[in-house]
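Enquirer: The structure is given below, and queries will be raised subsequently.
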Amino acid sequence: MAKAPEQEHPVKAFGWAARDSTSGHLSPFNFSRRATGDEDVRFKVLFCGICHSDLHSIKNDWGFSIYPLVPGHEIVGEVTEVGSKVKKVKVGKKVGVGAMVGACDSCENCNSHLENYCPKMIFTYGAIYHDGTVTYGGYSDTMVASERYIVRFPENMPLDAGAPLLCAGITVYSPLKYFGLGETGKHVGIVGLGGLGHVGVKFAKALGAKVTVISTSPSKKDEALNHLGADEFLVSRDQDQMQAAMGTFDGIIDTVSAVHPIVPLIGLLKSHGKLILVGAPEKPPELPVFPLISGRKIVAGSGFGGTKETQEMIDFAAKHNITAEIELISMDYMNTALDRLAKNDVRYRFVIDIGNTLAATKP
């Protein structure tokens, strides 16, 4: 007979969970975490970002959610215990965990530090861990993970505004690096100025590229150019602007999670240009082949990053003072924040102040 969540493991834990897909809301939840193993790092959760995929998972939009579901994969805090074999961090250090907590650790991808592409990769929440129990995310008071999946936070990186980099940051940094777009002389488009897009602008600029924000919202122009540092702004619904920009981009990072046409974006690419999809709409895009053939263009996808690249990204962000633009919220504001996120009413990432506000929500 299966044990109750609070009895599965020896370490008591408390967080907020979705009980099913119907309400779209969370409520207080008692569960448990495993004891600290030889290679494990345990930390007190201080902040956790709210990613758009949390919203999809809560509502089971992708069809593989496991309930009760404790979301959260932009998790940062302070180390409270380390296993006997841990070398990466010590008690008292600031650390984070992103979207994965495990993989096979032995395949070609894992051996190349690309654990996120391992067929047996284990998501931080709503997945089955090596021991057969369900993983729970960062909307909770304590977290434990294998040392391999722990990210060290530099001293000058603020934990609250740095937390979203563990998903949003690495999701844009990785394709900029892999596809050779984050380089001096390259012209990069960022589609969508949301949680991913706004940090995409910052990383692309810091890597040396010319950056154009591509958006349906003309009202975001001032923000993009004068606050985030983009070089140009392109309104995708303005046919004259789109026509004038045809064939001028080396690459485009498309961060939009809503269903939208990608053929006009392919037209913006130079020959040999690359359109990289990092958002995850619920329906597949329409993709005619002829526009690709006529310019030897590439449409590709990119997930978040492996352990090595995620650490590299955090270190790069700290060096260049890159953080997310956040709205810090208390735990009891959680469901209001989810409703606002569903309407894209956030600039640009909600982050929960777990350390100061979660305990007060205990029943």
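The values are calculated or read from the model by the stated rules, or taken from the named source; none is laboratory data. Just so you know, these numbers come straight off a predicted model, no measurement behind them. Note: ideal-geometry Cβ built from the backbone for every residue, glycine included; neighbour counts use all protein chains shown. Side chains included, ligands, DNA and RNA excluded: accessible areas come from the protein's heavy atoms. Shrake-Rupley method; radii C 1.70, N 1.55, O 1.52, S 1.80 Å.
Enquirer: Taking the Cα centre of the chain as the origin and placing charges on Cβ (Lys, Arg +1; Asp, Glu -1), which of V299, T323, G208 is farthest toward the positive end of the dipole?
Expert: The Cα lying farthest towards the positive end belongs to G208.
Enquirer: Let me ask something else. Note down the nm distance, to one decimal, between modelled labels 7 Å out along Cα→Cβ at V91 and at D38.
Expert: Label-label distance for V91 and D38, simple model: 2.1 nm.
Enquirer: Right, here's the next one. How large are Rg and Dmax for the chain when only the alpha carbon atoms are used, in Å?
Expert: Expressed in Å, the Cα Rg and Dmax of the chain come to 20.3, 65.
Enquirer: Quick one: length gained pulling N335 to H320 fully straight, 0.36 nm per residue minus the C-alpha distance?
Expert: Between N335 and H320, full extension yields an extra 2.0 nm.
Enquirer: Region 241-261 to region 311-330: how many Å between their Cα centroids?
Expert: Distance between centres, Cα-based: 26 Å.
Enquirer: Using R₀ = 35 Å, calculate the FRET efficiency as 1/(1 + (r/R₀)^6) where r is the Cβ-Cβ separation of N226 and K270; round to 0.05. Write down the numbers at each step before the final one.
Expert: Working: r = 27 Å, r/R0 = 0.78.
That gives a FRET efficiency of 0.80.
Enquirer: Within a Cβ distance under 14 Å of G251, other residues only, what is the Lys/Arg minus Asp/Glu net charge? Can you show the working numbers first?
Expert: Values: positive: K177, K186, K210, K270, K274, R296, K297; negative: E183, D250, D254.
Every neighbour counted, the sum reads +4.
Enquirer: Hey, what do the phi angles of region 117-122 turn into as Karplus ³J(HN,Hα) couplings, whole Hz, using 6.51/-1.76/1.60 and θ = phi - 60°, x for Gly and Pro?
Expert: 9, 5, x, 10, 4, 10
Enquirer: Which shape class applies to region 29-138: rounded if a/c is under 1.5, otherwise prolate when a/b exceeds b/c and oblate if not, where a ≥ b ≥ c are the square roots of the Cα gyration tensor eigenvalues? Provide the component values of the computation, followed by the final result.
Expert: Values: a/c = 1.68, a/b = 1.20, b/c = 1.40.
Oblate shape, in that a/c is at least 1.5 and b/c is the bigger or equal ratio.
Enquirer: Quick check: from the Cα gyration tensor, does region 256-353 come out rounded (a/c under 1.5), prolate or oblate? Display every interim value, and only then the final one.
Expert: Details: a/c = 2.93, a/b = 1.57, b/c = 1.87.
Cα axes put region 256-353 in the oblate bin.
Enquirer: K343 versus Q239, label points 7 Å from Cα toward the beta carbon: distance in nm?
Expert: 3.2
Enquirer: At what distance in nm do the modelled label points of T184 and E6 sit from each other, each positioned 7 Å from its Cα along Cα→Cβ?
Expert: So the label points at T184 and E6 sit 6.0 nm apart.
Enquirer: In addition: Would you please give the residues with an amide H less than 5 Å from that of G189, counting only those at least 5 places away or on a separate chain, with H modeled from the backbone geometry?
Expert: Result for G189 returns T212, G251, I252, I253.
Enquirer: If you don't mind, there's one more thing I want to ask. Per DSSP helix of 4 or more residues, -39500 (n - 2.57); summed, then divided by the residues of the chain. What does that give at 222 nm, rounded to the nearest 500? Before the final figure, lay out the partial values.
Expert: Working: 11 runs with 80 residues, N = 363.
When only DSSP H runs of four or more count, the value is -5500 deg cm²/dmol.
Enquirer: What are the residues whose amide H is under 5 Å from the amide H of V45, where those residues sit 5 or more places off or on another chain and H is modelled from the backbone?
Expert: It is T142, M143, by chain and number.
Enquirer: Accessible area, 1.4 Å probe, largest first: how do E39, E309 sort? Please report the intermediate quantities before stating the final value.
Expert: Details: E39 100, E309 35 Å².
Largest to smallest exposure gives the sequence E39, E309.
Enquirer: Return the sequence-ordered ³J(HN,Hα) values of region 150-155 in whole Hz as given by the Karplus equation 6.51 cos²θ - 1.76 cosθ + 1.60 applied to θ = phi - 60°, using x for Gly and Pro.
Expert: 8, 9, 6, 9, x, 4
Enquirer: May I ask for the percentage of alpha-carbon pairs in region 91-218 that lie more than 18 Å from each other? Could the numbers behind the result be given before it?
Expert: Working: 5032 of 8128 pairs.
That fraction is 62 percent.
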